């Protein structure tokens, strides 16, 4: 499975990265802001994108909408510190394949990937 | 179907135009940021983005097409609805123009372009701030829909340009009065002309009837041709100056300064390659002027200066030379600070420092090893120091001067040859061989009696117009193993010691470099001539006594003296403290 990680925190990126590698998937790219995330989503054609909801230049929900509208085949898993019911609902209704609330265990990420793939 | 070669040509034309558009947009965005109500700029931006979009789509350059489409839509709203333009907006459009530049570079090389992220951001901005208006009174293309699909239809780039509409409906083919020529072709042409002139001189020199009318005509025609070729290569300095609107804006923004950039003499013309060589230096000088020269707004107000600082780029002609000034009304350079820093870095000794005038101290900023500033800011400290600026300027036979008044500002002046091809030179003979000195370094030619020359320490001195001046016999320099050995005792006295008191007068060429004068004693003065100087090839390019060579009419190679490096070495403070000290008194 080819995965693109989008998160502005280096710590968070390495957490997700380790979990994904551990489970035998491939990390094809990392993005630290919305603009690069969209660029890489088009360029790398990943199977899965893990998307942080609050990025320095955009909110994750906007990135999600752009990618949905472009009909990319990538499945998007939102990884967010915001765990409110309404936020989760909004994410899923905008086309996210899953919604993970931080903090999470590596297993949560791995499970989510096998679930949506 | 367009033929392959035609298509290639169209692409080249498109990219050339796109570069111009990219630059123009930087300028217009800067103007608009200062005055967001400026209808003229808004109109121009709209027109440019519209044209570029159309052409890009026609050529299948979708990334540029999409980017410009989004910009065009933004400016349609602004044009029709007087939208309020905020800081975020300007951040975005400047970023968009950077991306535009990037895309030109990438697509030109058929590279892979990423741009979707930025377009998405622009679209989001449109959604949030502009498209919230009622869509039925917005007269624009369907926002956001299928930017890709319209490419094939939208071929006529000038369909909305009003000036064409008034003309008849008959299809009409317009031919541009301009031709675009790649620089390498011009370089080739210039080289050929240089060789033609040398060949012509050789032929004429060999013929007994060298004053015949036929040769006069040949001389005139080749000389006219040479000037014509030089003229083709001239471009207006405005071409470079205009890029600085954006640079100044970015530096000022990053440093929290307020700066107005003034351009003067943009119509002055200079060889395109010279402009290219000094462009990095100019960027460095402008950055420095803003980040080190101009004070913070509060500080300026406190000092009773206008809150907004001014940086002026000015070009003017002086004889064959183009002067480019970079002037700021900032804090000026403090000679004490320079003196201390040079001491701290061990560039000069305490003892020597005390003998330097303020003016000489300021010159130390051009020394390598001075500029790698302690606080490397993103703007000013990129390892490019003033020494690099100086080297670049001198590599084309130019000079850098600096004038600074504490509290009032600093002016850097680059004196540049307007053309690299041909330079005036003074030919002279030394040890039965011909050499040349570029006229840009010569001040005067005098003849002095041996007894007017006096030994001082390691050097020789003579009076010139009431001032003492260092005299060097070129023969002595030639006999040294390298320029560095002139400080060996007596090495500069050899020829002088062999003279007899009643010997003939000595020919001296007075040369000047960066305000330092010296007299070069040579065997015989010949003539003044225009030469085509060619750089020396390896390993001769390491010889610092010569900058290049030319071929004379008699077919002989004539070496061109490198005055800058000779004076530099002789006056270099660490090696020749005593010598130059005695010079300055």
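Quick look at the numbers
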read-out	value
Conditions (1) farther than 22 Å from residue B:47 by Cβ; (2) touching a residue at least 24 places away in the same chain (Cβ under 8 Å); (3) more than 14 Å from chain A (Cβ to nearest Cβ); number of the one not met by residue B:90	(1)
Residue under evaluation residue B:76, criteria (1) free of Cβ contacts under 8 Å to residues at least 60 places away in the same chain; (2) away from chain A (no Cβ under 14 Å), criterion not met	(1)
Some residue of the stretch B:136-149 being modelled with pLDDT under 80 and under 30 Å from residue B:556 (Cβ atoms)	no
Filter result (surrounded by fewer than 17 Cβ atoms within 10 Å (Cβ to Cβ) and part of a strand (DSSP E or B)) within the stretch B:431-442	B:433
Complete set of residues in the stretch B:95-121 that are within 14 Å of chain A (Cβ to nearest Cβ), within 17 Å of residue B:24 (Cα to Cα), in contact with a helix residue (DSSP H, G or I) (Cβ under 7 Å, 6 or more places away or on another chain) and crowded, with 16+ Cβ neighbours inside 10 Å	B:96, B:99, B:103
Of residues in the stretch A:47-93 being away from chain B (no Cβ under 14 Å) and part of a loop (DSSP other than H, G, I, E, B), the one surrounded by the most Cβ atoms within 10 Å (Cβ to Cβ)	A:53
Failed item, numbered, when residue B:252 is tested on (1) part of a helix (DSSP H, G or I); (2) modelled with pLDDT under 90	(2)
Meets criteria (buried (at least 22 other Cβ atoms within 10 Å of the Cβ) and within 20 Å of residue B:545 (Cα to Cα)) for residue B:428	yes
Residue check, residue A:51 at pLDDT 90 or above and over 22 Å from residue A:29 (Cα atoms)	no
Count of the stretch B:384-401 residues which are part of a helix (DSSP H, G or I) and either out of contact with any strand residue (DSSP E or B) (no Cβ under 6 Å at 6 or more places or on another chain) or touching a residue at least 40 places away in the same chain (Cβ under 8 Å) (or both)	9
The stretch B:397-417, subset under 18 Å from residue B:190 (Cβ atoms) and within 11 Å of the chain's Cα centre (by Cα), residue surrounded by the most Cβ atoms within 10 Å (Cβ to Cβ)	B:416
Members of the stretch B:346-369 found to be modelled with pLDDT under 75 and in contact with a helix residue (DSSP H, G or I) (Cβ under 7 Å, 6 or more places away or on another chain), listed by number	B:368
Total residues in the stretch A:2-40, condition within 11 Å of the chain's Cα centre (by Cα), more than 14 Å from chain B (Cβ to nearest Cβ) and in a helix (DSSP H, G or I)	2
Some residue of the stretch B:483-503 being surrounded by 15 or more Cβ atoms within 10 Å (Cβ to Cβ), modelled with pLDDT of 85 or more and under 28 Å from residue B:360 (Cα atoms)	no
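The values are calculated or read from the model by the stated rules, or taken from the named source; none is laboratory data. From a predicted model like this one, the values you see are computed outputs, not experimental measurements. When we count neighbours, we look across all protein chains shown, and the Cβ atoms used for this are built from the backbone with ideal geometry, even at glycine.
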